[in-house]
Amino acid sequence: IAGITQAPTSQILAAGRRMTLRCTQDMRHNAMYWYRQDLGLGLRLIHYSNTAGTTGKGEVPDGYSVSRANTDDFPLTLASAVPSQTSVYFCASSEDRGDTQYFGPGTRLTVL
Amino acid sequence: GENVEQHPSTLSVQEGDSAVIKCTYSDSASNYFPWYKQELGKRPQLIIDIRSNVGEKKDQRIAVTLNKTAKHFSLHITETQPEDSAVYFCAASWAQGGYNKLIFGAGTRLAVHP
(Lines give C-alpha, C1' and ligand atoms only; values in the text may rest on other atoms or scores of the structure.)
Protein backbone atom coordinates (compact mmCIF):
# COMPACT_ATOMS: atom_id res chain seq x y z
CA ILE A 1 0.00 0.00 0.00
CA ALA A 2 1.58 3.28 -1.14
CA GLY A 3 -0.71 5.72 0.71
CA ILE A 4 -0.50 9.02 -1.13
CA THR A 5 1.84 9.58 -4.04
CA GLN A 6 2.64 12.78 -5.92
CA ALA A 7 4.34 13.42 -9.23
CA PRO A 8 6.62 14.90 -10.23
CA THR A 9 8.98 15.15 -7.24
CA SER A 10 10.28 18.45 -8.55
CA GLN A 11 9.89 20.59 -11.64
CA ILE A 12 11.35 23.74 -13.10
CA LEU A 13 8.87 25.52 -15.31
CA ALA A 14 8.97 28.58 -17.55
CA ALA A 15 6.46 31.30 -16.74
CA GLY A 16 3.35 31.08 -18.87
CA ARG A 17 3.51 27.29 -19.26
CA ARG A 18 0.73 24.96 -18.19
CA MET A 19 1.50 22.36 -15.55
CA THR A 20 -0.44 19.58 -13.85
CA LEU A 21 0.66 18.15 -10.53
CA ARG A 22 -0.59 14.65 -9.92
CA CYS A 23 -1.86 13.15 -6.68
CA THR A 24 -3.10 9.60 -6.14
CA GLN A 25 -4.19 7.83 -2.97
CA ASP A 26 -5.05 4.18 -2.48
CA MET A 27 -6.72 4.45 0.93
CA ARG A 28 -10.21 5.05 -0.49
CA HIS A 29 -10.36 8.34 1.38
CA ASN A 30 -13.30 10.53 0.46
CA ALA A 31 -11.69 13.93 1.03
CA MET A 32 -8.58 15.29 -0.67
CA TYR A 33 -6.73 18.59 -0.46
CA TRP A 34 -4.01 20.64 -2.10
CA TYR A 35 -1.74 22.89 -0.02
CA ARG A 36 1.18 25.10 -0.85
CA GLN A 37 3.99 25.61 1.64
CA ASP A 38 6.05 28.76 1.60
CA LEU A 39 8.75 29.71 4.09
CA GLY A 40 7.29 31.45 7.13
CA LEU A 41 3.70 30.98 5.99
CA GLY A 42 3.02 27.40 6.94
CA LEU A 43 0.59 25.40 4.85
CA ARG A 44 -2.18 27.18 2.94
CA LEU A 45 -5.12 25.40 1.38
CA ILE A 46 -5.53 25.87 -2.38
CA HIS A 47 -8.48 23.61 -3.23
CA TYR A 48 -10.28 20.71 -1.63
CA SER A 49 -12.69 17.92 -2.53
CA ASN A 50 -15.07 16.36 -0.03
CA THR A 51 -15.90 13.46 -2.33
CA ALA A 52 -15.49 12.34 -5.92
CA GLY A 53 -17.26 14.72 -8.29
CA THR A 54 -17.11 17.77 -6.00
CA THR A 55 -14.46 20.42 -5.43
CA GLY A 56 -14.19 23.68 -3.51
CA LYS A 57 -11.92 26.69 -3.14
CA GLY A 58 -9.53 27.10 -0.23
CA GLU A 59 -7.61 30.13 1.01
CA VAL A 60 -5.45 30.74 -2.08
CA PRO A 61 -7.25 29.31 -5.16
CA ASP A 62 -6.39 31.95 -7.77
CA GLY A 63 -4.35 30.60 -10.68
CA TYR A 64 -5.12 26.97 -9.84
CA SER A 65 -7.81 24.49 -10.83
CA VAL A 66 -8.60 20.95 -9.73
CA SER A 67 -10.80 18.06 -10.76
CA ARG A 68 -11.97 14.93 -8.96
CA ALA A 69 -13.19 12.45 -11.53
CA ASN A 70 -12.75 9.49 -9.17
CA THR A 71 -11.91 8.71 -5.55
CA ASP A 72 -8.20 8.08 -6.05
CA ASP A 73 -6.96 11.00 -8.16
CA PHE A 74 -6.92 14.74 -7.48
CA PRO A 75 -4.77 16.62 -10.02
CA LEU A 76 -3.86 20.30 -9.58
CA THR A 77 -3.42 22.41 -12.72
CA LEU A 78 -1.64 25.71 -13.16
CA ALA A 79 -3.07 27.09 -16.40
CA SER A 80 -0.37 29.72 -16.92
CA ALA A 81 2.38 29.53 -14.30
CA VAL A 82 3.79 32.69 -12.68
CA PRO A 83 6.92 33.06 -10.50
CA SER A 84 4.80 33.61 -7.36
CA GLN A 85 3.61 30.03 -7.73
CA THR A 86 7.09 28.81 -6.89
CA SER A 87 6.47 26.69 -3.82
CA VAL A 88 6.31 23.21 -2.40
CA TYR A 89 2.93 21.63 -3.07
CA PHE A 90 1.48 18.97 -0.81
CA CYS A 91 -1.52 16.82 -1.51
CA ALA A 92 -3.38 15.35 1.47
CA SER A 93 -6.34 13.09 2.08
CA SER A 94 -8.68 12.19 4.93
CA GLU A 95 -11.28 9.49 5.35
CA ASP A 96 -13.97 12.14 5.49
CA ARG A 97 -14.03 15.92 5.88
CA GLY A 98 -12.94 16.94 9.35
CA ASP A 99 -10.90 13.78 9.88
CA THR A 100 -7.14 13.49 10.25
CA GLN A 101 -5.30 14.52 7.10
CA TYR A 102 -2.38 12.52 5.73
CA PHE A 103 0.11 14.19 3.43
CA GLY A 104 1.86 13.10 0.27
CA PRO A 105 5.62 13.55 -0.21
CA GLY A 106 5.27 16.91 -1.98
CA THR A 107 6.25 18.48 -5.31
CA ARG A 108 8.83 21.24 -5.39
CA LEU A 109 7.88 23.63 -8.21
CA THR A 110 10.06 26.45 -9.45
CA VAL A 111 8.62 28.93 -11.96
CA LEU A 112 11.19 31.07 -13.74
CA GLY B 1 -11.45 35.02 9.26
CA GLU B 2 -9.97 32.14 11.16
CA ASN B 3 -6.40 32.56 12.34
CA VAL B 4 -3.92 30.38 14.19
CA GLU B 5 -0.92 31.96 15.86
CA GLN B 6 2.02 29.80 16.88
CA HIS B 7 4.88 30.65 19.23
CA PRO B 8 7.79 30.58 19.37
CA SER B 9 8.98 30.56 15.76
CA THR B 10 12.26 28.97 16.81
CA LEU B 11 13.16 26.98 19.91
CA SER B 12 16.52 25.63 20.96
CA VAL B 13 16.87 23.18 23.85
CA GLN B 14 19.45 20.82 25.29
CA GLU B 15 18.92 17.10 24.94
CA GLY B 16 16.84 15.84 27.84
CA ASP B 17 15.09 19.17 28.44
CA SER B 18 11.41 19.78 27.77
CA ALA B 19 10.03 21.81 24.87
CA VAL B 20 6.71 23.63 24.79
CA ILE B 21 5.04 25.13 21.72
CA LYS B 22 1.88 27.21 22.05
CA CYS B 23 -0.90 28.04 19.63
CA THR B 24 -3.93 30.28 19.85
CA TYR B 25 -6.94 30.19 17.55
CA SER B 26 -9.71 32.64 16.82
CA ASP B 27 -12.77 30.55 15.95
CA SER B 28 -14.48 29.35 19.11
CA ALA B 29 -16.27 26.70 17.00
CA SER B 30 -13.00 24.91 16.21
CA ASN B 31 -13.14 21.37 17.56
CA TYR B 32 -10.13 19.50 16.22
CA PHE B 33 -6.46 20.36 16.85
CA PRO B 34 -3.72 18.26 15.26
CA TRP B 35 0.03 18.68 15.53
CA TYR B 36 2.36 17.82 12.65
CA LYS B 37 6.12 17.27 12.60
CA GLN B 38 8.03 18.05 9.43
CA GLU B 39 11.64 17.05 8.98
CA LEU B 40 13.74 18.84 6.38
CA GLY B 41 12.61 17.96 2.86
CA LYS B 42 9.91 15.59 4.11
CA ARG B 43 6.13 15.65 4.34
CA PRO B 44 4.26 16.81 7.46
CA GLN B 45 3.53 13.82 9.69
CA LEU B 46 0.77 13.77 12.29
CA ILE B 47 2.24 13.21 15.77
CA ILE B 48 -0.74 13.83 18.02
CA ASP B 49 -4.18 15.39 17.89
CA ILE B 50 -6.91 16.37 20.31
CA ARG B 51 -10.60 17.01 20.02
CA SER B 52 -12.53 19.59 21.97
CA ASN B 53 -14.21 17.11 24.29
CA VAL B 54 -10.93 16.42 26.13
CA GLY B 55 -8.45 18.72 27.84
CA GLU B 56 -5.28 16.69 27.57
CA LYS B 57 -3.87 13.79 25.60
CA LYS B 58 -0.55 12.04 26.02
CA ASP B 59 1.47 9.66 23.86
CA GLN B 60 4.78 8.63 25.41
CA ARG B 61 6.98 11.75 25.48
CA ILE B 62 4.44 13.93 23.68
CA ALA B 63 1.39 15.58 25.18
CA VAL B 64 -1.12 18.16 24.03
CA THR B 65 -3.26 20.34 26.27
CA LEU B 66 -6.32 22.30 25.21
CA ASN B 67 -7.97 25.27 26.91
CA LYS B 68 -11.13 26.02 24.98
CA THR B 69 -12.10 28.96 27.17
CA ALA B 70 -8.85 30.74 26.41
CA LYS B 71 -8.72 29.30 22.86
CA HIS B 72 -5.23 27.99 23.10
CA PHE B 73 -3.51 24.62 22.92
CA SER B 74 0.04 23.51 23.52
CA LEU B 75 2.45 20.75 22.54
CA HIS B 76 4.74 19.42 25.24
CA ILE B 77 7.75 17.25 24.43
CA THR B 78 9.60 15.80 27.41
CA GLU B 79 13.09 14.27 27.51
CA THR B 80 13.90 15.73 24.11
CA GLN B 81 16.23 13.86 21.79
CA PRO B 82 18.19 15.07 18.73
CA GLU B 83 15.74 13.25 16.47
CA ASP B 84 12.99 15.54 17.75
CA SER B 85 14.65 18.35 15.80
CA ALA B 86 12.17 19.42 13.10
CA VAL B 87 9.54 22.03 12.30
CA TYR B 88 6.30 21.56 14.21
CA PHE B 89 2.96 22.87 12.97
CA CYS B 90 -0.25 23.24 14.93
CA ALA B 91 -3.63 23.47 13.22
CA ALA B 92 -7.25 24.14 14.13
CA SER B 93 -10.34 23.04 12.30
CA TRP B 94 -12.69 25.64 10.91
CA ALA B 95 -16.10 24.88 9.50
CA GLN B 96 -16.99 26.73 6.31
CA GLY B 97 -20.02 25.72 4.33
CA GLY B 98 -19.93 21.97 3.89
CA TYR B 99 -16.28 21.59 4.70
CA ASN B 100 -14.16 21.36 7.83
CA LYS B 101 -10.79 22.76 6.84
CA LEU B 102 -7.60 23.08 8.81
CA ILE B 103 -5.89 26.39 9.40
CA PHE B 104 -2.19 25.94 10.15
CA GLY B 105 0.13 27.95 12.32
CA ALA B 106 3.33 29.27 10.74
CA GLY B 107 5.48 26.60 12.40
CA THR B 108 8.12 26.28 15.12
CA ARG B 109 11.63 25.19 14.27
CA LEU B 110 12.86 23.04 17.17
CA ALA B 111 16.56 22.31 17.55
CA VAL B 112 17.68 19.77 20.15
CA HIS B 113 21.37 19.97 20.90
CA PRO B 114 23.27 16.92 22.20
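The values are calculated or read from the model by the stated rules, or taken from the named source; none is laboratory data. All figures in this text were calculated on a predicted structure; none of them were measured in a lab. Every residue, glycine among them, receives a Cβ derived from its backbone with ideal geometry; neighbour counts consider all protein chains shown. Note: areas computed on protein heavy atoms with side chains; ligands, DNA, RNA excluded. Shrake-Rupley method; radii C 1.70, N 1.55, O 1.52, S 1.80 Å.
Using the Cα centre as the reference, give the magnitude of the dipole from point charges on the C-beta atoms of the protein assembly as shown (Lys, Arg: +1; Asp, Glu: -1; all else neutral), rounded to the nearest 20 debye.
500
With all protein chains present, calculate the accessible area of A:Asp72 using a 1.4 Å probe and round the result to the nearest 10 Å².
The accessible area comes out at roughly 50 Å².
Springs between alpha-carbon atoms under 10 Å, Gaussian network over chain B: tell me which of B:Lys71, B:Lys42, B:Lys57 tops the mean-square fluctuations.
B:Lys42
Roughly how many Å² is the accessible area per residue of segment B:3-114, as a whole number, for a 1.4 Å probe?
49
Could you sort A:63-71, A:25-33 so that the peptide with the highest average Cβ count within 10 Å comes first and the rest follow in order?
A:25-33, A:63-71
Got a number for the accessible area of A:Glu95? Probe 1.4 Å, square angstrom, nearest 10.
About 120 Å², rounded to the nearest 10.
What fraction of the Cα pairs in chain B, stated in percent, has a spacing above 25 angstrom?
18
With +1 on the Cβ of every Lys and Arg and -1 on the Cβ of every Asp and Glu, and nothing else charged, how large is the dipole of chain A about its Cα centre, in debye rounded to the nearest 20?
340
Within a Cβ distance under 12 Å of A:Thr77, other residues only, what is the Lys/Arg minus Asp/Glu net charge?
+3
I'd like the residues of segment A:62-107 whose 1.4 Å-probe accessible area shrinks by no less than 50 Å² going from the isolated chain to the full set of protein chains.
A:Arg97, A:Gly98, A:Thr100, A:Gln101, A:Phe103
In segment A:54-112, carbon and sulfur make up what percent of the accessible area (probe 1.4 Å)?
That fraction is 49 percent.
Placing +1 at every Lys and Arg Cβ and -1 at every Asp and Glu Cβ, with all other atoms neutral, what dipole size does chain B have around its Cα centre, in debye to the nearest 20?
320
Kindly compute the accessible surface that chains B and A hide from a 1.4 Å probe when together, both sides summed, and give it to the nearest 100 Å².
1800
Can you check how the C-alpha radius of gyration of the protein assembly as shown compares to 2.2 N^0.38 Å, as a plain ratio?
Rg over 2.2 N^0.38 Å, computed on Cα atoms: 1.02.
For chain A, just the Cα set please: Rg and Dmax, both in angstrom.
That works out to 13.0, 37 Å for Rg and Dmax.
With the dipole of chain B worked out from charges on the C-beta (+1 for Lys and Arg, -1 for Asp and Glu) around the Cα centre, which of B:Val13, B:Trp94, B:Val112 lies farthest toward the positive end?
It is B:Trp94.
Give, as a single signed number, the net charge of other residues whose beta carbon lies under 12 Å from the beta carbon of B:Ile77, with Lys and Arg counted +1 and Asp and Glu -1.
It works out to a net charge of -3.
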